[in-house]
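*Asks:* Below are the structure tokens for one structure; questions will follow.
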Amino acid sequence: MKILVTSLLVIMLSASAPAPAQEASTAPAAASASVPDDLQPLLRSIQETVDAVIASKEGERLFIEFKALRIPEYQTWFPATFGPDNGAKLASIYSETSEKTESRVIEYFVLHAPRGGQITATLASGGSVPQKTEVLQQFDDAIRRALQQPALFYHVHALPEMPTTRLRVGGNVVAAKVVSRVTPVYPTEARMQHISGTVRMHAIIAKDGSIKNLEVISGHPTLVDAALEAVRQWRYQPTMLEGQPVEIDTTIDVIFALN
């Protein structure tokens, strides 16, 4: 099973790949093709680093590899490539998410990757062969319409045999799988001030159904601590994928209502 490592690498590889002249944005998009020669050294370097990281269980070397792939002067590269408006938005997103995305990928490799996986890349946008599916074609067309100057974009795939370890699941679906729920204690101060409302949290549910990580997204400050204290004690039915337990990435809402 091929796993898309990160959309961040799609952008980073586009910055290092050559950009031949293209036709107008109505030209057909690129399909998965053999990896071009100019990308082979880069992929081999990532491959060697991944193997070393897996063997040593240390992610520092992989972090250095990813850091070297960051887009230099991205504040000017994005506007120059995608235009002032779209470029400014993409540069902002890139600035906010690049390090976090790198950390997730490194953690994924170090903790879960079996030895011997293979790094590959497929052309996502910028070629002359139509994409294989309608969704990928729409993705490619959107990139082409946004481009102010030609560029190649690649999807980087890694470790074909690596299983999925975390699923994104809607909060309403996960709510039905609670097997042990601790009711939050309504804070006295909030009750006296007639404060009510919903505390929304981002949660990672571990493979055994326990709460692994919990972060507040929104909610009144007076209600937050009570919600966190209660939800940290909740337990869920483990989620299985192809016979193996997986972590769940979801949201949890705790509603405080004055009767």
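*Asks:* Only residues that are over 12 Å from Gln148 (Cβ atoms) and assigned to a helix (DSSP H, G or I): list them for segment 71-89, please.
*Replies:* The answer is Tyr74, Gln75, Thr76, Ala88, Lys89.
*Asks:* Restricting attention to segment 205-248, which residues are among the small types (Gly, Ala, Ser), free of Cβ contacts under 8 Å to residues at least 24 places away in the same chain and in a strand (DSSP E or B)?
*Replies:* Across segment 205-248, the qualifying residue is only Ser218.
*Asks:* Another one. Could you tell me whether segment 112-123 includes any residue that is modelled with pLDDT under 75 and of a type in the set (D, E, K, R)?
*Replies:* Scanning segment 112-123 turns up at least one residue that is modelled with pLDDT under 75 and of a type in the set (D, E, K, R).
*Asks:* Do we find a residue being assigned to a strand (DSSP E or B), modelled with pLDDT of 75 or more and closer than 21 Å to Ser45 by Cβ anywhere in segment 144-153? Show your work before the answer.
*Replies:* Start the filter on segment 144-153 by keeping residues that are assigned to a strand (DSSP E or B), which leaves 153.
Then keep just the ones that are modelled with pLDDT of 75 or more; that gives 153.
In the following step, the residues that additionally are closer than 21 Å to Ser45 by Cβ were identified as 153.
Yes, segment 144-153 contains a residue that is assigned to a strand (DSSP E or B), modelled with pLDDT of 75 or more and closer than 21 Å to Ser45 by Cβ.
*Asks:* If you don't mind, another one. Do we have Gln131 as at pLDDT 75 or above, over 29 Å from Ile106 (Cβ atoms) and assigned to a helix (DSSP H, G or I) here?
*Replies:* Here the answer is no, as Gln131 does not meet what is asked.
*Asks:* Being at pLDDT below 75 and hydroxyl-bearing (Ser, Thr, Tyr) is the filter; apply it to segment 46-75 and report the residue that is farthest from the chain's Cα centre (by Cα).
*Replies:* Ser56
*Asks:* Then there is this: Only one residue in Val156, Val174 is at pLDDT below 70 and buried (at least 17 other Cβ atoms within 10 Å of the Cβ). Which one?
*Replies:* The match here is Val156.
*Asks:* Let me ask something additional. Somewhere in segment 210-219, is a residue surrounded by fewer than 14 Cβ atoms within 10 Å (Cβ to Cβ) and among the small types (Gly, Ala, Ser)?
*Replies:* Among the residues of segment 210-219, at least one is surrounded by fewer than 14 Cβ atoms within 10 Å (Cβ to Cβ) and among the small types (Gly, Ala, Ser), which makes the answer yes.
*Asks:* Name the one entry in Val199, Val224, Val231, Val246 that is closer than 28 Å to Arg166 by Cβ, at pLDDT below 95 and surrounded by 13 or more Cβ atoms within 10 Å (Cβ to Cβ). Reasoning before the result, please.
*Replies:* Details: Val199 fails: at pLDDT below 95; Val224 fails: at pLDDT below 95; Val231 fails: at pLDDT below 95.
Matching residue, one of Val199, Val224, Val231, Val246: Val246.
*Asks:* What about Thr183, is it at pLDDT 90 or above, surrounded by fewer than 17 Cβ atoms within 10 Å (Cβ to Cβ), among the β-branched types (Val, Ile, Thr) and not in a helix (DSSP H, G or I)?
*Replies:* Values: at pLDDT 90 or above: yes; surrounded by fewer than 17 Cβ atoms within 10 Å (Cβ to Cβ): yes; among the β-branched types (Val, Ile, Thr): yes; not in a helix (DSSP H, G or I): yes.
Spelling it out, Thr183 is indeed at pLDDT 90 or above, surrounded by fewer than 17 Cβ atoms within 10 Å (Cβ to Cβ), among the β-branched types (Val, Ile, Thr) and not in a helix (DSSP H, G or I).
The values are calculated or read from the model by the stated rules, or taken from the named source; none is laboratory data. Everything numeric here is computed off the predicted structure, so don't read it as measured data. Every residue, glycine among them, receives a Cβ derived from its backbone with ideal geometry; neighbour counts consider all protein chains shown.
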